[in-house]
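**Student:** Take a look at this one; I'll ask things after.
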Amino acid sequence: MDIRKILSEATSTLGVSGQEACVAEYFAGQFRPYVDEVTVDSMFNVIAHKKGQGPKIMLCAHLDEIALMVNRIEDDGSVRFSSVGGVDPRILPGSRVWVHGRNGKLFGTIGAMPPHLMSAEDRANNYKMDKLHIDLGLPADKVRQQVRVGDLVTFNTPFTELANGQVAAKSLDDRACVAIMLRAAERLQRMSCEADVYFVCSAQEEVGGRGAQTAAFAVAPDLAVVLDVDFALTPGCGPDVANPLDAMVVTHGPYVQPKVAKRLVDCAKAHHVKLSQNVAGRYTGTDADEIGVSRAGVPTVVFSLPEKYMHTSVETISLDTLEEGARLLAHFISELDAGWEDELWI
């Protein structure tokens, strides 16, 4: 498995929240060699099932991405937009984008009024989305022939390899974690595994965890591991809110079943996988918040990949950390047996 190639292809594939069909098709194809059955449901969740006789475990990482959406075309041909998911307007000026029009993709740049022409008050404030526009270099009549309200806009940034095993791209949140599941599925081909395993690539996480909610209801798992990115250390971002880039993260908190989390931590120690640990004192902000309360409740743990520059076009991760995350996940799954929950309940 060429993980770089998969990340490059996955991060360049369209899959905005609510319109994940293309990226769902991509990941369905990637999982098929390693599981017994793959389905794509009506929400565009990909559910890859590796059949077993043991406990039913659901692994979940989301495949949707944040983006923009056309909401108006100005008389000069400028395209106005709003966000799909959590897009910070401060990162947008100067961005290269694709506008997904009716006849294919159109290249555009996001522009704003130059600071030289702003008032002192405007210069003191951050950019707001309604003050930005996309320039396609076309007159309004040509734009209106190809673009309509509701068309998607995605970042036009290539997958880029950095030094020291790091890579940068858009939508590594959370397709890098889907890649962890994929690599774990490959590893399980060579391991003994009793568990009944569902690898779920969930839809619409960036707008509320809706895909995970419906997938968990359909799968009805005995336990779940949710994989998502977490904040990695950067200048000015201290250890109280971020984690080193070189180790996966286990979260503790009310939405995390403590004995399942301990089992994952113990598994990491047994297999010499470096881990960081953090706390989410209320919600986790991941699909775990929906899966944990599905049906009669699902014991759930959150397993995270540190990422720099989250929700930008240059999200950055360590491939070595990704590989170690996949190794630990495969061991955790393979060691689940019929007695996995003997010490779970009082």
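For every residue, the table says whether it meets (1) closer than 30 Å to A184 by Cα; (2) part of a strand (DSSP E or B).
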{"residue": "A61", "(1), (2)": "yes, yes"}
{"residue": "L68", "(1), (2)": "no, yes"}
{"residue": "F81", "(1), (2)": "no, yes"}
{"residue": "G94", "(1), (2)": "no, no"}
{"residue": "M113", "(1), (2)": "no, no"}
{"residue": "D130", "(1), (2)": "no, no"}
{"residue": "R144", "(1), (2)": "no, no"}
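**Student:** In the stretch 225-249, what residues are in contact with a Phe, Trp or Tyr (Cβ under 6 Å, 6 or more places away or on another chain) and modelled with pLDDT of 95 or more?
**Tutor:** Result: V225, L227.
**Student:** Got at least one residue in the stretch 131-145 being surrounded by 12 or more Cβ atoms within 10 Å (Cβ to Cβ) and closer than 17 Å to T312 by Cβ?
**Tutor:** yes
**Student:** State which residue pairs qualify: first residue farther than 14 Å from K262 by Cβ and inside the stretch 334-346, second residue loosely packed, with under 13 Cβ neighbours inside 10 Å and among the polar types (S, T, N, Q) in any location, beta carbons under 8 Å apart, and separation of 6 or more residues or different chains.
**Tutor:** Note: pairs meeting the criteria are S334/S192.
**Student:** Now, a different point. Taking only the stretch 1-17 into account, find how many residues are out of contact with any Asp or Glu (no Cβ under 7 Å at 6 or more places or on another chain) and crowded, with 18+ Cβ neighbours inside 10 Å.
**Tutor:** Matching residues across the stretch 1-17 total 8.
**Student:** Another question, if that's okay. Tell me which residues, restricted to the stretch 1-47, are among the hydroxyl-bearing types (S, T, Y) and under 22 Å from A212 (Cβ atoms).
**Tutor:** T11, T13, S17, Y26, Y34, T39, S42
**Student:** State yes or no: is G208 more than 25 Å from E20 (Cα to Cα), surrounded by fewer than 23 Cβ atoms within 10 Å (Cβ to Cβ) and at pLDDT below 95?
**Tutor:** So G208 does not fit the description; no.
**Student:** Something else now. Out of the residues in the stretch 260-283 that are part of a helix (DSSP H, G or I) and within 17 Å of L322 (Cβ to Cβ), state the one that is farthest from the chain's Cα centre (by Cα).
**Tutor:** A268
**Student:** Evaluate the stretch 246-253: report whether one residue or more is in a loop (DSSP other than H, G, I, E, B), closer than 28 Å to A168 by Cβ and touching a strand residue (DSSP E or B) at 6+ places or on another chain (Cβ under 7 Å).
**Tutor:** Within the stretch 246-253 (the criterion being in a loop (DSSP other than H, G, I, E, B), closer than 28 Å to A168 by Cβ and touching a strand residue (DSSP E or B) at 6+ places or on another chain (Cβ under 7 Å)), the answer is yes, since at least one residue qualifies.
The values are calculated or read from the model by the stated rules, or taken from the named source; none is laboratory data. Model, not experiment: these values are computed from the prediction. Positions of Cβ are generated from backbone atoms using ideal geometry, with glycine treated the same way; all protein chains shown enter the neighbour counts.
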